[in-house]
Amino acid sequence: MSLLVVGLSHRSAPVSVLERASLSADAQVKLLQDTLAAEPATEGAVLATCNRIELYADVDKFHAGVAELSTLLAQHSGVGLEELTPYLYVHYEDRAVHHLFSVACGLDSMVVGEGQILGQIKDALARGQELHTAGRLINDLFQQALRVGKRAHSETGIDRAGQSLVTFGLEQLAAGEPVGTWAADKRALVIGAGSMSSLAATTLARLGVRELVVANRTRERADRLAAALSETGVRAVAVPMSEVEHELTRADVVVSCTGATGLVLNAGTVAAAVAQHVVPAARTGADLRAPEGSLVARLAAAAARDGRVAELPGAADAPGAFDDESARSARAAITGVTGGVDVAPGSECPVGLDDTPAGSLTQHAAWAASTPRAPQHSARPAPAAGDGGPVRLALLDLAMPRDVDAAVHRLTGVRLVDIESLADASADAPMAADVDQVRTLVSDEVAAFGAAQRAAHITPTVVALRTMAADVVAGELARLDGRLTGLDEKQRAEITQTVRRVVDKLLHAPTVRVKQLAGEPGGAGYADALRTLFDLDPETVASVSRADLNDADVKNRGRV
């Protein structure tokens, strides 16, 4: 059997394809189940993050394995095989091991050196163990990848080469200003309460934002996150998803990372929020209104003259102000999107893919289907306010597929940074010298892993050989005992020890040497040679292998 990985990532595919090919938690489970049901594969694991989707499997046939795994990825991602194929990459045996170890060290991440991938690898292994799709190879591979990743971060300076995706995204929003200075005293809205959203909220709290609001589909998770943040000294509150539109009018910075399959914030919602933006009391001396003559300023002025929207900054404080007809008109005028965007109570967008229970995706799909979506555009201008003027609302979209409509890039007074713009920015990021040290570490670990696996492959043959030798010794001693009945116990023990010592000495050198040779490339052939030379029973070898697999399964169960 041999390791095979088929996948796509930000390095091989545009974000638009990754976005469409993203896998929900249920889809990952079904993909794993179907992988094991396929003939070429005996075990497997799925590594799915915001910028990669990879399927690992132990296969007995390379070409059949590639064809089957590619078909399964296309089937479960919803992207046609012909469209997906040009973006797929394939790694086999040692190259597949090298790829995963590089991923674990952050060398293949959008932000080189980021450490969040280790948690995602751990989750992928835990899922495989829970579903019993991870056998000895996948367990050994992923556990070793975690150890290699931890070595890279503890023994090298790879952490200096990059940051977490959250920190990098916030730096892009700050647009050259020190991120601590930029974030200080801001009102922040975090949409989602999963691992990435929690990291974003913690980072914002550390940077000194004035207030943190957490919105999540599951209110209990939002409450727990807000409570944890409050312990750090920042003012943090939890709100239901139905309050997101209102909170947008009060927020200076928004971070969104949910498991929604549809948009959480469309361009109309963001435009209306900017038009009614509430300026914090501590900043009343600053002029944060839309530039004179801009479309937002003209719309706000017209609405105020008609008596439909109160003068800023306090308009959004009036009950129902955000939902009036003028706000809807503003959305339509700016984005061309008509119709309401209100969410019926009880059908809010599900948030936090990693905590979405099975069965809730039906509600999720209903929410996505009922939410109007503005046309998405592939152009990605540099992060800046739409008119180059002051930024009144900064949005960081870390979701895949995206939470925030790409059309928001064009809005006045808004800066949007999303996965695609982060990929563009990270392409120009300098690489630290420590990256070379990590690459050397990865190469050494790949060689050691390969040698260990090849040695383990020959072990059942060596065990079967020694078992056969022990059976021959036992048979000959029994025959001798029948012929020399006058031997006392001391004589019989001396003869037994002598015969066993002779056999052990004869087998010692070849078995030690064959294990050494098995650790080299092509070493698997030595196991075949031993089986042929000593006429070993294939079933005996297979039974030893099965026993090793069972022992490995017990040993690895629950180890992540």
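Structure summary
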| quantity | calculated |
| --- | --- |
| Options 65, 7; residue that is touching a Lys or Arg at 6+ places or on another chain (Cβ under 7 Å) and of a type outside the set (Asp, Glu) | 7 |
| Helices (runs of 4 or more DSSP H) completely within the range 47-121 that count 1 or more residues being farther than 25 Å from residue 447 by Cα | 62-77, 81-84 |
| Residue within the range 436-452 that is among the basic types (Lys, Arg) and closer than 27 Å to residue 141 by Cβ present | yes |
| Lone unmet requirement of (1) touching a Ser or Thr at 6+ places or on another chain (Cβ under 7 Å); (2) open to solvent by less than 20 Å² (accessible area, probe 1.4 Å) for residue 116 | (2) |
| Of residues in the range 196-208 being free of Cβ contacts under 8 Å to residues at least 60 places away in the same chain and either open to solvent by 10 Å² or more (accessible area, probe 1.4 Å) or farther than 16 Å from residue 238 by Cβ (or both), the one nearest to the chain's Cα centre (by Cα) | 198 |
| Search result, residues across the range 255-270 that are of a type outside the set (Gly, Ala, Ser) and over 11 Å from residue 192 (Cα atoms) | 261, 263, 265, 266, 269, 270 |
| Only listed residue being within 14 Å of residue 252 (Cβ to Cβ) and not in a loop (DSSP other than H, G, I, E, B), chosen from 229, 199, 225, 204 | 204 |
| Hits in the range 178-195 (condition: among the hydrophobic types (A, V, I, L, M, F, W, C), within 17 Å of residue 215 (Cα to Cα) and either surrounded by fewer than 21 Cβ atoms within 10 Å (Cβ to Cβ) or in contact with a Ser or Thr (Cβ under 6 Å, 6 or more places away or on another chain) (or both)) | 190, 191 |
| Residue, most open to solvent (accessible area, probe 1.4 Å), within the range 442-481, restricted to residues that are within 46 Å of the chain's Cα centre (by Cα) and farther than 24 Å from residue 2 by Cβ | 466 |
| Members of the range 519-533 found to be at pLDDT 70 or above and either open to solvent by less than 80 Å² (accessible area, probe 1.4 Å) or among the acidic types (Asp, Glu) (or both), listed by number | 525, 527, 528, 529, 530, 531 |
| Filter result for residue 11 (within 17 Å of the chain's Cα centre (by Cα), open to solvent by 10 Å² or more (accessible area, probe 1.4 Å) and of a type in the set (D, E, K, R)) | yes |
| Qualifying residues in the range 209-222 (those that are out of contact with any helix residue (DSSP H, G or I) (no Cβ under 7 Å at 6 or more places or on another chain) and part of a helix (DSSP H, G or I)) - the one most open to solvent (accessible area, probe 1.4 Å) | 220 |
| Test for residue 261: is it part of a loop (DSSP other than H, G, I, E, B) and without any contact (Cβ under 8 Å) to a residue 60 or more places away in the chain | no |
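Conditions tested, residue by residue: (1) open to solvent by 10 Å² or more (accessible area, probe 1.4 Å); (2) under 20 Å from residue 400 (Cβ atoms).
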| residue | (1), (2) |
| --- | --- |
| 7 | no, yes |
| 22 | yes, yes |
| 26 | yes, yes |
| 30 | yes, yes |
| 52 | no, yes |
| 59 | no, no |
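The values are calculated or read from the model by the stated rules, or taken from the named source; none is laboratory data. On a predicted model such as this, the values are computed, not experimentally measured, just so you know. No Cβ is skipped: glycine too gets one built from the backbone with ideal geometry, and neighbour counts run over all protein chains shown. Please note that ligands, DNA and RNA were not included when accessible areas were found on the heavy atoms of the full protein model with its side chains. Shrake-Rupley method; radii C 1.70, N 1.55, O 1.52, S 1.80 Å.
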